[in-house]
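Heads up: the structure comes next, in structure tokens.
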Amino acid sequence: MVLGCHSQNKLSAELLEINFIGEFSSEHWIEIDGIRLIHQSNFERDSLMLAPFFPEIDQPLPTTIQHFRSYTNHEAVNERKIPKGRVAESFFTRMSLAYRLENGKRKRAYAFEGNVAEMSMGKLRFYRTDGRTMTIRTSKNYPALIKNLNNREPMATGERN
């Protein structure tokens, strides 16, 4: 689904596939049903701070280049490249922890299809457990292929200006 050039890119889907294909920077984000996941170059530190999942707080995902301080020299910042499968795994973890309240009880909000081999290559398929349609938005030039598997229509990611 491609929207007009002055609107934000949005897609609605009951069954969604995301294939993380590019390099992620701290300018990238993806939002599922109002839960915004922002890519961060200091993901390891920030993900520990947000151990419990709070949907109202922006959640971190890793960038493909991670920055971390050296233990031998606290002033030095080192870099390491992480695979796209790690991005998919972090996305899976964040969305797996999302819940909704139903009659005062917490229920999982999302369920996943597929297998570990697909996730290690950066591909995920998921849906809402209540059967409702999801709404997906992304930042400009988000490096992923996003498909509504109900009609196999790919989403051109990113906000349009």
*Write out, first by first residue and then by second, each pair whose Cβ atoms fall under 7 Å of each other, whose residues are 6+ apart or on separate chains, and whose first residue, in the range 10-34, is over 21 Å from Gly114 (Cα atoms) and among the aromatic types (Phe, Trp, Tyr) while the second is open to solvent by less than 10 Å² (accessible area, probe 1.4 Å) and at pLDDT below 90.*
Phe24/His39; Phe24/Thr63; Phe24/Thr64; Phe24/Val87; Trp29/Leu37; Trp29/His39
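Suppose we filter the range 113-152 for residues that are of a type in the set (A, V, I, L, M) and in a loop (DSSP other than H, G, I, E, B); how many remain? Reasoning before the result, please.
From the range 113-152, those of a type in the set (A, V, I, L, M) are 116-117, 119, 121, 124, 134, 136, 144-146, 149; that's our starting set.
Then drop every residue that is not in a loop (DSSP other than H, G, I, E, B), which leaves 121, 149.
Counting residues in the range 113-152 that are of a type in the set (A, V, I, L, M) and in a loop (DSSP other than H, G, I, E, B) gives 2.
Looking at the range 134-150 only, could you name the residues that are surrounded by 16 or more Cβ atoms within 10 Å (Cβ to Cβ) and among the hydroxyl-bearing types (Ser, Thr, Tyr)?
So the first thing to find is which residues in the range 134-150 are surrounded by 16 or more Cβ atoms within 10 Å (Cβ to Cβ), and the list is 134, 136-139, 142-148.
Thr138, Ser139, Tyr142 - these are the residues of the range 134-150 that are surrounded by 16 or more Cβ atoms within 10 Å (Cβ to Cβ) and among the hydroxyl-bearing types (Ser, Thr, Tyr).
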*Go through (1) at pLDDT 80 or above; (2) under 13 Å from the mean Cα position of the chain (by Cα); (3) farther than 21 Å from Thr133 by Cβ and name the single condition Pro62 misses.*
(1)
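One line per residue, one yes/no per condition, for (1) over 15 Å from Ile18 (Cα atoms); (2) over 13 Å from the mean Cα position of the chain (by Cα); (3) without any contact (Cβ under 8 Å) to a residue 60 or more places away in the chain; (4) open to solvent by 40 Å² or more (accessible area, probe 1.4 Å):
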site	(1), (2), (3), (4)
Ala88	no, no, no, no
Phe91	no, no, no, no
Lys107	yes, yes, yes, yes
Gly114	no, yes, yes, yes
Ala117	no, yes, yes, yes
Met121	no, yes, yes, yes
Leu124	no, no, no, no
_Any residue at all in the range 88-103 that's at pLDDT below 75, touching a Lys or Arg at 6+ places or on another chain (Cβ under 9 Å) and assigned to a loop (DSSP other than H, G, I, E, B)?_
no
*How many residues are open to solvent by less than 40 Å² (accessible area, probe 1.4 Å), modelled with pLDDT under 70 and of a type in the set (Val, Ile, Thr) when one looks only at the range 7-58?*
0
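The values are calculated or read from the model by the stated rules, or taken from the named source; none is laboratory data. Remember, it's a predicted structure, so these values are computed and weren't measured experimentally. So basically every Cβ, Gly included, is an ideal-geometry build from the backbone, and we count neighbours across all protein chains shown. Ligands, DNA and RNA are excluded from the accessible area calculation, which covers all protein heavy atoms including side chains. Shrake-Rupley method; radii C 1.70, N 1.55, O 1.52, S 1.80 Å.
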